[in-house]
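Values in this text are rule-based calculations from the coordinates and carry no lab data. It should be emphasised that the depicted structure is a prediction, and the values quoted were computed from it without experimental measurement. For neighbour counting, all protein chains shown are included, and Cβ atoms are generated from backbone atoms with ideal geometry for every residue, glycine included.
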Amino acid sequence: MEKYILCTVFMVIAFSCKRNAGFLEQNKVSYDYELAENGKGLSYSLDEDTKYQFVSLFPYEERNGKTYLTFMNSIHEILFYDLPSGEFLFKTKIEPEGPDGITGPSGYYVISLDSIYVTTLSVPTLYSIDQNGTVLQRINYGETESGYTVIPTFNPNSFFYTPLFVINHELYITQKPSWTVPVSSTPVSVVINPENHLCKELPFFFPPLIKDEEFGHVGGFALSFSREFDGEKFIYSFYYDEAIYVAPVDHSEIRKYVVKSKYIDHVKVVKKRKEDMFLFAKNDYKDPCYGNLLYDKYRNIYYRLAYPKAALEEGVNYVAMTAQGRKKFSIIVLDEKFNIMGETLFPEYIYNPILLFVHPDGLYICDNHIMNPSFKEDVLSFKCFELVKK
């Protein structure tokens, strides 16, 4: 009887760990493949009102196959280009006030030209607008069924790649920790019903990268993450965690895979320093960490970014550099079972890994880094990379 009770206790503990911390899966590591340029490129001209420093960029494909490249500029316009030709098509203006006013838009995601979701960090509301900027719906979200207060921290952009996903007519958004809820009790994702505005948290909480009492005393990206959806599973890549976390739509089971860069010994959350913003950004910039994760539906593979430690030059404005990608980065490629297929280290100060997107041609990466000797602030250009066997 005692053995039965002990066995039951261990099973409950194991299930709890599996649900909250992630059940560690064994995956394979090989470096048989690499990303190589395939000679294809794309270029988009920017007008004088469009500043190069933006961090929200998403491709969009209509049902008829027409593809757009979209991005939001600093004056709160969403620009639409014909993706293959580079031709500018139109702008969607986000009004700051009036009947269609949205105060302080922080991000966006295009579901269709008649359903563009815009977020704001000022109020817990999702706005659905059309391509003319007309507000079609205001979705006010607040408290979940269990009493958790959803905070307006969802910011779909390219820097922290966390696009909005619509699954079975429900909206899946992400959360960030706040001062009001312990980090260990903050759900990473929340589901909103756009019809009745009811919401619920999913049973996956922030992994123990820091202690609750350390929140507010660590580097700015300590709990930052990327979230992708491959049509069946959600995948989370925390920037200071070697592992990725994989969950079904309902997040009933969390599986964990170690995806370590061969160019990073280890990652560590660094305590916040009492310095000015420039020095703080510089120290954050040089610390090794991981980055965004993207799914390639055309090849059924995944890309995870990694940022090795880099020596930094004096006199560089690292606050401005934050949205331009780091000096050094690599991309780890995973197969459909999250085995490591290869990792490619890219040359310094040539490519901007914040601005990239998946395409039938391959992986397009912006080659107009602000420190690139051939940098042009009125052009957004990309080079295409494909996975090849060494």
Along the dipole axis of the chain (charges at Cβ: +1 for Lys and Arg, -1 for Asp and Glu; origin at the Cα centre), the most positive-end residue among GLN26, THR322, LEU355 is GLN26
Cα shape, segment 74-136, gyration tensor, a/c 1.5 rule: prolate
Once amide hydrogens are built 1.01 Å from N within the peptide plane, the residues lying 5 or more places from ALA222 or on another chain with amide H under 5 Å from its amide H are none
Phi to ³J(HN,Hα) by Karplus 6.51 cos²θ - 1.76 cosθ + 1.60 over segment 175-185, Hz, x for Gly, Pro: 10, 10, x, 9, 6, 8, 10, x, 4, 5, 10
In whole Hz, what ³J(HN,Hα) sequence does segment 375-390 give by Karplus (6.51, -1.76, 1.60; θ = phi - 60°), x for Gly and Pro? 4, 10, 7, 9, 9, 10, 10, 9, 10, 9, 10, 10, 7, 10, 7, 5
Place a +1 charge on the Cβ of each Lys and Arg in the chain and a -1 charge on the Cβ of each Asp and Glu, then give the dipole magnitude about the Cα centre in debye, rounded to the nearest 20. 1300
For a 26 Å ceiling on Cα separation, which of these pairs sit above it: LYS256/LYS383; LYS93/LYS297; LYS260/LYS328; LYS51/LYS309; LYS211/LYS327? LYS256/LYS383; LYS93/LYS297; LYS51/LYS309; LYS211/LYS327
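Would you work out the charge dipole size for segment 28-132 about its Cα centre, treating the Cβ of every Lys and Arg as +1 and the Cβ of every Asp and Glu as -1, and quote it to the nearest 20 debye?
The dipole magnitude comes to about 260 debye.
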Computed on Cα atoms, the radius of gyration and Dmax of the chain in angstrom are 21.1, 77
Scoring the chain by relative contact order with C-alpha pairs under 8 Å, at least six apart, yields a percentage of 17
In a Gaussian network model of the chain with springs linking alpha carbons closer than 10 Å, the residue among LEU334, LEU113, LEU126 that fluctuates most is LEU113
In the P(r) worked out for segment 302-390, what percent of Cα pairs fall beyond 18 Å? 46
Residue-ordered couplings for segment 32-48, obtained by feeding phi - 60° into the Karplus form 6.51 cos²θ - 1.76 cosθ + 1.60 and rounding to whole Hz (Gly and Pro as x), are 7, 10, 8, 8, 9, 4, 10, x, 9, x, 9, 9, 10, 7, 10, 7, 5
Over the chain, what is the percentage of antiparallel beta bridges among all DSSP beta bridges, to the nearest 5? 95
To the nearest 0.05, the calculated FRET efficiency linking LYS337 and TYR263 through their beta-carbon distance, R0 being 25 Å, is 0.65
So the FRET efficiency between ASN64 and VAL181, C-beta based with R0 = 35 Å and rounded to 0.05, is 0.20
